[in-house]
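See structure below.
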Amino acid sequence: MTTKEAPPVLRTAAHKRRLKAPGTRNFSKPVRYLMLAALVLFSGFPLYWMLNTALSQDSELYGQAQGWWPHWERLADLGDVIGSVPIFKWLTNSMVIAGGTTLLSLIFAVLAGYALSRFKFHGKGAAGFLLFATQMLPEALLVVPIYALFASLGLLNGMGGLILANVAFTMPVSVWIIKGAIDAIPYEIEEAAAVDGCPRVTILSLVLTPLILPSIAAAAVINFFDGWNEFLLAKTFIAERDLWPASVGLASFIGQYLTSLNSVMAAALLFTLPALVFFLLVQRRIVSGLTAGSVKG
Amino acid sequence: MAKLSLRNISKRFGDTQVIHDFSADVDNGEFLVLLGASGSGKSTLLRIIAGLTDASAGDVIFDNLRVNRQSPRERDVAFVFQSYALYPHLTVRENIAFPLALDKFKAWHHIPGVSAIARRIFGSSKDIAEQVAGVSSMLELDDYANRKPGGLSGGQRQRVALARALIRNPSMFLLDEPLSNLDAKLRAELRGEIVRLHKLTGKTFVYVTHDQVEAMTMATQIVILHNGIVQQHATPQEIYTRPANTYVARFIGSPPMNLMTAAVADGYATLGGLRLPAPEGLVLRTGTVTLGLRPEHLTVSADVGRPGLAGTVRRIEDLGADTLIGVQPDPALDLKLWELNQDDLIWIRQTGQTRLMAGDQCTVSLEARMASYFDSDTGVNLASSDQISDAGMLPLRG
Ligand SMILES: Nc1ncnc2c1ncn2[C@@H]1O[C@H](COP(=O)(O)OP(=O)(O)OP(=O)(O)O)[C@@H](O)[C@H]1O
Ligand SMILES: [Mg+2]
């Protein structure tokens, strides 16, 4: 920490220098773009191949090698197949389930993470550890007792019950992510807020939450994808076809005797896109370094 | 506005006792400076006053009301943290406006979405904006108003922290080394500003520092802490002229007071063959006494024949207006300089320049009536020892 202020020019220069990770080398622009292109190709190819498979002839799939280019003329046929199931209803259900899981789990996680990070109480270690009880046993083992429990509580065949069950499985990780984030925030910031007149709840909502936003975003991604992809519980708890999430609906394309690979791929593509959009929206929040400059040293 | 009383405050962290039985009364409108070396417990004491730390024992009383169990908010104090504790996600302007904005929407600030919007609105409300602008210009923060703390230097952050406290209208201001990271010019300026603000508001200030210049220039009362024990609680003048013990004598003043061991016989102290008149109203017991003389109460001359302590000039430090001269006393005098006089020299402050040079023989004469006498065992000032025991403070050897 400097005692004297550097002139602005010097300081910004130093600031920029600091922003660069030590040991990073500067590549020239073309090289950087080339590397980017390789990355895009690498991560984008599976998506492209899904599309390609969805739009290919059956003969290609089961006979000769699959071509490199999609057969766009198959789009209409595919539309018919997809149209024969309530795919958008399923996607909406998935959205509700994943969104609900994320929201509930984050609310609990912020509160629990704060308590675990800042409060002293008896059984704190045990509480933190027991959060992982659901993670220690295989989900398949827990399905049966949860089913019995939900049956008696009337929570089967509804999205509310499914969200609750999902939260139980996804929340522990979020709690620990958020506890870690709060641990890293100097306690004095909270004290300053308390002196300035914030009650504790306000400290949490007004001061801490913005500071741990990157971790909240990271936890949100994990929760959302868990909720979005969850299959076993949904398949077990929800019998009614209209209440299925897309993951269960997608699986229904796989028949016992006949599986239409193109329709599976087409539905899978539709299934992937919302999750992708969600990630793209949230990912820019996952940056670090927000607390820089708060306290000395 | 509040009168502050601290009654028998103790604080321990685990096994280490950080504050020992601290008591003080601070009248409304006083400027109390807590002065002490690093680790002496100043911050801990200030945090106990603010309600950020609970005392292990004792009472904090604001205006006859025991506030031990009240939160900082209920105590209504403004606090400048030694480590600044700025809000990293807010700009400088928002940081400063935060306490005011918070006051304005007390009712609904729990609701996350709404509170963020409300903060925006009130943060830009006209009277808040005016107050923020006033404080920022006083602290020369205008150029950084829209930056976040991450893009500020240490000194700038410290000024933001100060601004956030000064903008409020609390019952008491508690400042923990608010100027420690600033350059000399700005520090002097802000010292003036804080004193002016103190006069203007008439509020009680408790100000922590380890800088004796700040303490001497700003305080109406100084408490000197050493290892969590009060050494002296008095006005700056009193502390300078009548230090309660040798620790205070050495801590205040630069260079510090010269301490020498003098022999006492027949009620007179004798130092290097000089017989000193007995101080008024003080009976010295036969044996030894520690004699303290400020550098400005000594004079040095090249005239070797004069009465005084013979010696050799060893160091000359020209400070411009003043000159400090370090003299090594003649070994034949068998003068016992007290423990840690800098470089084992007697230091003399003289206005203007000197014609003496290092190596010159010289004579040091003393202004004996300005001398302080300390008990050579306990270090307590003999002139003020009654006063000390009355106040129930622990005498301590420096
Ligand atoms: N939370 C804590 N736990 C244990 N010991 C502590 C704690 N806080 C302070 N101390 C100890 O208490 C003593 C006084 O600390 P304090 O911060 O009050 O000193 P200070 O006078 O403010 O020093 P400085 O001038 O360096 O800020 C120190 O020895 C410190 O190690
Ligand atoms: Mg301190």
Suppose the filter is within 21 Å of B:A215 (Cβ to Cβ), within 16 Å of ligand 1 (Cβ to nearest atom) and buried (at least 18 other Cβ atoms within 10 Å of the Cβ); does B:F31 pass it?
no
Across region B:177-190, the tally of residues that are buried (at least 22 other Cβ atoms within 10 Å of the Cβ) and within 16 Å of ligand 2 (Cβ to nearest atom) stands at 3
Return the total of residues in region B:51-103 being within 9 Å of another protein chain (Cβ to nearest Cβ), more than 21 Å from A:L213 (Cβ to Cβ), in contact with a Ser or Thr (Cβ under 8 Å, 6 or more places away or on another chain) and within 16 Å of ligand 2 (Cβ to nearest atom).
2
Could you count how many residues in region A:239-297 are buried (at least 18 other Cβ atoms within 10 Å of the Cβ), aromatic (F, W, Y) and either under 30 Å from B:N181 (Cα atoms) or at pLDDT 85 or above (or both)?
3
Note on region B:188-212: residues within 16 Å of ligand 1 (Cβ to nearest atom) and either outside any strand (DSSP E or B) or without any contact (Cβ under 8 Å) to a residue 40 or more places away in the chain (or both) are B:H210, B:D211, B:Q212
With criteria (1) touching a Lys or Arg at 6+ places or on another chain (Cβ under 9 Å); (2) within 14 Å of chain B (Cβ to nearest Cβ), A:I107 comes up short on (1)
Given the criterion within 19 Å of B:V364 (Cβ to Cβ), open to solvent by less than 40 Å² (accessible area, probe 1.4 Å) and among the small types (G, A, S), identify the matching residue among B:G287, B:G272.
B:G272
Residues in region B:139-154 that are under 24 Å from the mean Cα position of the chain (by Cα) and either more than 9 Å from every other protein chain (Cβ to nearest Cβ) or surrounded by 20 or more Cβ atoms within 10 Å (Cβ to Cβ) (or both): how many?
1
Residue that is farthest from ligand 2 (Cβ to nearest atom) [pool: residues in region B:7-28 that are outside any loop (DSSP other than H, G, I, E, B) and within 15 Å of B:I222 (Cα to Cα)]:
B:D25
In region B:213-238, residues that are open to solvent by 10 Å² or more (accessible area, probe 1.4 Å), within 16 Å of ligand 2 (Cβ to nearest atom) and outside any strand (DSSP E or B) total 1
When residues of region B:33-72 are filtered for being polar (S, T, N, Q), touching a Lys or Arg at 6+ places or on another chain (Cβ under 9 Å) and in a helix (DSSP H, G or I), how many remain?
1
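The values are calculated or read from the model by the stated rules, or taken from the named source; none is laboratory data. The model shown is predicted, which means the values in this text are computed figures rather than measured ones. Positions of Cβ are backbone-derived with ideal geometry, glycine not excepted, and every protein chain shown enters the neighbour counts. SASA here: full protein model, heavy atoms, side chains in, ligands and nucleic acids out. Shrake-Rupley method; radii C 1.70, N 1.55, O 1.52, S 1.80 Å.
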